[in-house]
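Asker: Okay, handing you the structure first.
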Amino acid sequence: MNTRKNARLTPHGRALLVARVIDEGLRPREVAQAQGVSVRTVYKWARRFREEGHAGLQDRTSSPERSPFATDAATVEQVIERRQQRQIYRQIALALGICQSTVACLLRREGLNRLAALSPARPDNRYEHDAPGGLLHLDIKKLRRFERPGHRLTGDRQQNTPGAGWEYVHVAIDDHSRLAFSSLHPDARSPLFWLLRLSF
């Protein structure tokens, strides 16, 4: 069990506290002030040591002895089974009639709160043409031209470049090899086909 980061007393600190009270005979109030805890805490650990020995100074679980409103085992199994089918929280909650927060707590406890933790992972849906050059993905990007530095450099948004026009980036990607080609042209009607033929 992990000790809390800011805990005043670790098992070693509790043993020291008990030794000061029982072995050295110091008053509980003095020990409490020295170790930065309450007098009630000193009495508690001294009593546990007398009843259980050093085993009583170890950390105990904070889980309740009984949880009458805990989710039953059958529902937990159904939640896990549906999660293995890659259903999301909302789908599981609606199907089983429980809250999404309950589903989230159960899956976090089982280590299934992320879809990446499920096995086997869903295969990548990658498509690829059989041969190079058999299928090309084409796109044209329209970019505005400018003849002087823009406002990012000058800080002046009032100046512009009227009549500078546009430039067009023609892009092609081969579906089989993923080889990419791009070229800059003055209009969108450039002979892209012949450029691609010469390039590929």
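Asker: Only one residue in Ile80, Ile98, Ile92 is at pLDDT 85 or above, touching a Ser or Thr at 6+ places or on another chain (Cβ under 8 Å) and not acidic (Asp, Glu). Which one? It would help to see each step written out before you state the result.
Answerer: Details: Ile80 fails: touching a Ser or Thr at 6+ places or on another chain (Cβ under 8 Å); Ile92 fails: touching a Ser or Thr at 6+ places or on another chain (Cβ under 8 Å).
Among Ile80, Ile98, Ile92, only Ile98 is at pLDDT 85 or above, touching a Ser or Thr at 6+ places or on another chain (Cβ under 8 Å) and not acidic (Asp, Glu).
Asker: Right, next: Which one of these is among the hydrophobic types (A, V, I, L, M, F, W, C) and modelled with pLDDT under 80: Ala104, Ala121?
Answerer: Working: Ala104 fails: modelled with pLDDT under 80.
Exactly one of Ala104, Ala121 is among the hydrophobic types (A, V, I, L, M, F, W, C) and modelled with pLDDT under 80, namely Ala121.
Asker: What tally of residues in the stretch 87-145 results from selecting those that are farther than 30 Å from Tyr168 by Cβ and among the aromatic types (Phe, Trp, Tyr)?
Answerer: Adding up the residues that qualify gives 1.
Asker: Could you tell me whether any residue of the stretch 116-127 is acidic (Asp, Glu) and in a loop (DSSP other than H, G, I, E, B)?
Answerer: The initial filter retains those residues of the stretch 116-127 that are acidic (Asp, Glu), namely 124.
Keeping just the survivors that are in a loop (DSSP other than H, G, I, E, B) gives 124.
Checking the stretch 116-127: at least one residue is acidic (Asp, Glu) and in a loop (DSSP other than H, G, I, E, B).
Asker: Scanning the stretch 160-200 for residues that are among the aliphatic types (A, V, I, L, M) and not in a strand (DSSP E or B), which turns out modelled with the highest pLDDT?
Answerer: Applying the filter and picking the extreme gives Leu179.
Asker: Something else: Could you tell me which residue of the stretch 36-49 is surrounded by the fewest Cβ atoms within 10 Å (Cβ to Cβ), considering only residues that are in contact (Cβ under 8 Å) with a residue 12 or more places away in the chain and of a type outside the set (A, V, I, L, M, F, W, C)? Before the answer, list the steps.
Answerer: If we filter the stretch 36-49 for residues that are in contact (Cβ under 8 Å) with a residue 12 or more places away in the chain, which is where we start, we get 36-37, 41-43, 45-46, 49.
Those left that are additionally of a type outside the set (A, V, I, L, M, F, W, C): 36, 41, 43.
Values: Gly36: 10, Thr41: 18, Tyr43: 13.
Result: Gly36.
Asker: Right, next: Of all residues in the stretch 114-160, how many are surrounded by 12 or more Cβ atoms within 10 Å (Cβ to Cβ) and of a type in the set (Asp, Glu)?
Answerer: 0
The values are calculated or read from the model by the stated rules, or taken from the named source; none is laboratory data. Quick caveat: nothing in here was measured; it's all calculated off a predicted structure. Glycine gets a Cβ as well: all are built from the backbone with ideal geometry, and neighbour counts include every protein chain shown.
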